[in-house]
1. Of the residues 215, 185, which single one is at pLDDT below 95 and either in the same structural domain as residue 343 (by TED's automatic domain parsing) or exposed (fewer than 15 other Cβ atoms within 10 Å of the Cβ) (or both)?
2. So for the stretch 85-95 (the condition being free of Cβ contacts under 8 Å to residues at least 60 places away in the same chain, out of contact with any helix residue (DSSP H, G or I) (no Cβ under 7 Å at 6 or more places or on another chain) and under 20 Å from residue 33 (Cα atoms)), does at least one residue qualify?
3. Tell me yes or no: at least one residue of the stretch 366-386 is outside any strand (DSSP E or B) and touching a helix residue (DSSP H, G or I) at 6+ places or on another chain (Cβ under 8 Å).
4. Among residues belonging to the stretch 26-52 that are in a helix (DSSP H, G or I) and touching a strand residue (DSSP E or B) at 6+ places or on another chain (Cβ under 7 Å), point out the one that is surrounded by the fewest Cβ atoms within 10 Å (Cβ to Cβ).
5. Limited to the stretch 221-239, what total is found for residues that are out of contact with any helix residue (DSSP H, G or I) (no Cβ under 9 Å at 6 or more places or on another chain) and either assigned to a strand (DSSP E or B) or not assigned by TED's automatic domain parsing to the domain that holds residue 310 (or both)?
6. Which of the following residues is part of a helix (DSSP H, G or I) and modelled with pLDDT under 95: 254, 310?
7. Residues to consider are 349, 298; find the one that is in a loop (DSSP other than H, G, I, E, B), assigned by TED's automatic domain parsing to the domain that holds residue 195 and more than 26 Å from the chain's Cα centre (by Cα).
8. If you scan the stretch 258-267, which residues turn out to be in contact with a helix residue (DSSP H, G or I) (Cβ under 7 Å, 6 or more places away or on another chain) and under 22 Å from residue 164 (Cβ atoms)?
């Protein structure tokens, strides 16, 4: 294999992001099934030939309009080896394949996708981390101004990052006209419709199809645990709140899960492994979902809490595991009552809660509907839309 260098134009990147060059290509060493790259900071990264061919960013392999891949790796030989590889004058990696195809890789892109152990660990450390609540969140709740969020993308990005990392935010200074909520929700993305509508009105009414539409105490829960995918974000906008009572209560479900992982690992494992059925039924619908209360991502981090005692069906676990399930479930609920995990506030007219519904449990104290009007509007936006909007805003900046 020829490792000669020669001047060629910079390669295209089949992406919308920018890739700064934190380290340049220093040397290439061909191996039986991969190319070993030595970087200018002495890191060594192997790139398998199939991986390189699979990720060629040229216009033959990636459609330039959509930037989606056209090549299917099954259409190249399994024992593929390049004819030559070299570092170009502009620092890019050029690979010539036996069929005459040429691939060029930007060094910033290549480093950002390197899969040696050090590079993978580095990316894992750089992933956004959830900030678990401490007792001080009552004093340091992330609060944002409605007009600034609506007009300024920098403020919008700050709000969305706080929402992603903390799971609970408040927006103040909102107009109190019905329908205002949809404008700020659509600063993120489209609204997710449910059987309660696009925007739902949280008011006490006689024909309630959910306890949310009563004056009762509403225990801690996540919304729609009866769905295969719970809504990611929930918005609650206060139009008027003159009734006595009805304060909002929030609990960090991720913090509780991590406390269980540390303090009672058997209970944590039980709630990760044993599924529980949640049911939501009225005269015209019947939703059900069987899933664990705690869900983990591919890295073992807590990614979702699914709980609502008033929507929970009878436990259906093997007899030998039923005592463990009750012990773990009771332990989780008991922790939600500890002050270290809780935030309690009254929402006033012109204020809005926005929180991660797959993390943050919310509740409402009972209120007296005869003491004054109380009208909230709510809606949902999926968590994927939040993360996408953050990435695009970060890319543009």
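1. Numbers: 185 fails: at pLDDT below 95.
Answer to the check: 215.
2. no
3. Within the stretch 366-386, one or more residues are outside any strand (DSSP E or B) and touching a helix residue (DSSP H, G or I) at 6+ places or on another chain (Cβ under 8 Å).
4. The qualifying residue surrounded by the fewest Cβ atoms within 10 Å (Cβ to Cβ) is 52.
5. Going through the stretch 221-239 one residue at a time, the tally reaches 2.
6. Values: 254 fails: modelled with pLDDT under 95.
The match here is 310.
7. 349
8. Once the filter is applied, which keeps residues that are in contact with a helix residue (DSSP H, G or I) (Cβ under 7 Å, 6 or more places away or on another chain) and under 22 Å from residue 164 (Cβ atoms), the stretch 258-267 yields 259, 261.
The values are calculated or read from the model by the stated rules, or taken from the named source; none is laboratory data. Fair warning: this is a prediction, and the values are worked out from it, not measured in the lab. Cβ atoms come from the backbone with ideal geometry, glycine included; neighbour counts cover every protein chain shown.
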